[in-house]
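Visitor: Below are the structure tokens for one structure; questions will follow.
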Amino acid sequence: MVFIFQKGGERPDQTLWSNSKELVQKQQEIFNKLWDLAIPLSVRKKEIELEVSTTFLQRAFTGIDQIQSEISSLMLLCKNEPTIFSSSTVLNHIQNNSKLLNFFPELLEKEIIIKILTDNKDKYFMNQINAINNNCSSKPIHLNYSNNVGNLEQMVMIFDNRYLLHIQYNRQNKLVASFSNEDYVVLVKEILFEKCWNEVESLASITRK
């Protein structure tokens, strides 16, 4: 059924009913295309909040549900290269509870480069990344390891070179997180990530020779 309204009208002036398979199919295709372009209301609200903010934001999150919600929003908003710098322990904890990797195929379809650096090789996580890369026709997820980053026991996620989510265990061994869009805080973590990443890349290049 199609309801036709005049501009500003409260009730439809005309109603079209049809059981034409072709017409229904075309309307369904239009809806599906619009649905694919749409984003959840909660994500759009987050996007507006970050866009209109004229001050630096600092927020803390406790509990895996809050952390999962924040990761989901930032992943869906991401338009540029996301970087993840994490211990394998925290990375697996986040993956097991929030299904982090489920967001990656959509980012890859947008040709967004994903970089992940961990402190330890985890075979199960490697297999999951390889499975995503094998099913993706665009640029693959870049995954590196470094045993020179010390005892991390934390995760740093950087989005669009603007937003940072820092996740770690508290004294009760529970995951807590903090969000920041302060330029200096984001820049320091980016420099640390790039330093470790470039060291790993350089070492790999020497080994290949």
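The values are calculated or read from the model by the stated rules, or taken from the named source; none is laboratory data. These numbers come from a predicted model, not from an experiment. Here the Cβ positions follow ideal geometry from the backbone for every residue, glycine too, while neighbour counts run over all protein chains shown. Note: accessible area is taken over every heavy atom of the protein model, side chains too, but ligands, DNA and RNA are not part of it. Shrake-Rupley method; radii C 1.70, N 1.55, O 1.52, S 1.80 Å.
Visitor: Taking 0.36 nm per residue of sequence separation and subtracting the Cα-Cα distance, how much length would be gained by fully extending the chain between N133 and N173, in nm to one decimal?
Guide: Details: separation 40, 0.36 × 40 = 14.40 nm, distance 3.29 nm.
Value of the extension gain: 11.1 nm.
Visitor: Let me ask something else about it. Work out the charge dipole of segment 58-207 with +1 on the Cβ of Lys and Arg and -1 on the Cβ of Asp and Glu about the Cα centre, then indicate which of N96, N144, A131 is farthest towards its positive end.
Guide: N96
Visitor: Express in nm, to one decimal, how much length is gained between E109 and E182 on full extension, taking 0.36 nm for each residue of separation and deducting their alpha carbon distance.
Guide: Length difference between fully extended and current span is 23.4 nm.
Visitor: Given a 1.4 Å probe and every protein chain left where it sits, what share in percent of the accessible area of the chain is carbon and sulfur? List each step's numbers first, then the result.
Guide: On the way: 7090 of 13800 Å².
Carbon-and-sulfur percentage of accessible area, whole number: 51.
Visitor: In addition: Would you mind checking the pairs K21/K79; K121/K189; K33/K174; K7/K110 and listing those with alpha carbons more than 30 angstrom apart? Don't skip to the answer; put the middle values down first.
Guide: Working: K21/K79 38 Å; K121/K189 22 Å; K33/K174 41 Å; K7/K110 37 Å.
Pairs exceeding 30 Å: K21/K79; K33/K174; K7/K110.
Visitor: Here's another thing I want to ask about it. If you put +1 on each Lys and Arg Cβ and -1 on each Asp and Glu Cβ, how big is the dipole of the chain around its Cα centre, in Debye rounded to 20?
Guide: Taking the Cα centre of the chain as origin, the dipole is about 320 debye.
Visitor: Another question, then. Among V188, L107, F5, which residue has its Cα furthest toward the positive end of the charge dipole of the chain, with +1 on Lys/Arg Cβ and -1 on Asp/Glu Cβ?
Guide: L107
Visitor: A further question follows. For a protection proxy built on the mean count of beta-carbon atoms within 10 angstrom, sort 194-200, 70-76, 117-123 highest first, please.
Guide: 70-76, 117-123, 194-200
Visitor: Can I ask one more? In the chain, if the dipole is taken from +1 on Lys/Arg beta carbons and -1 on Asp/Glu beta carbons about the Cα centre, which of N173, F61, T15 is farthest to the positive end?
Guide: It is N173, whose Cα lies furthest towards the positive end.
Visitor: Would you compute, from DSSP H runs of 4+ residues alone, the mean residue ellipticity of the chain at 222 nm, taking -39500 (n - 2.57) per run and dividing by the full residue count, rounded to the nearest 500? Show your work: numbers first, answer last.
Guide: On the way: 7 runs with 98 residues, N = 209.
That comes out to -15000 deg cm²/dmol.
Visitor: When ligands, DNA and RNA are left out and all protein chains stay put, how many square angstrom of accessible area per residue does the chain have with a 1.4 Å probe?
Guide: 66
Visitor: Just order 10-18, 81-89, 129-137 by mean Cβ neighbour count inside 10 Å, highest at the front, would you?
Guide: 81-89, 129-137, 10-18
Visitor: How much of the DSSP beta bridge set in the chain is antiparallel, as a percent to the nearest 5? Walk me through the intermediate numbers first.
Guide: On the way: 24 of 32 bridges.
Percent antiparallel among DSSP bridges in the chain is about 75.
Visitor: Return the single residue from L108, L23, L175 with maximal mean-square fluctuation; model: Gaussian network over the chain, springs between Cα atoms under 10 Å.
Guide: Looking only at L108, L23, L175, the largest GNM fluctuation is found for L23.
Visitor: Based on the Cβ-Cβ distance of K99 and S202, what FRET efficiency does E = 1/(1 + (r/R0)^6) give at R0 = 30 Å, to the nearest 0.05?
Guide: E between K99 and S202, to the nearest 0.05, is 0.35.
Visitor: I want the local charge near I132. Using Cβ-Cβ distances under 13 Å, sum +1 for each Lys or Arg and -1 for each Asp or Glu among the other residues.
Guide: Within the 13 Å Cβ shell, the charges total 0.
Visitor: Okay, next question. Using r as the Cβ-Cβ distance of V24 and Q58, and R0 as 30 Å, what FRET efficiency do you calculate, to the nearest 0.05?
Guide: 0.05
Visitor: What residue among E182, E29, E190 shows peak mean-square fluctuation when the chain is described by a Gaussian network model with Cα springs under 10 Å?
Guide: Fluctuation is largest for E29.
Visitor: Compactness ratio of segment 58-207: Cα Rg over 2.2 N^0.38 Å, N = residue count?
Guide: 0.99
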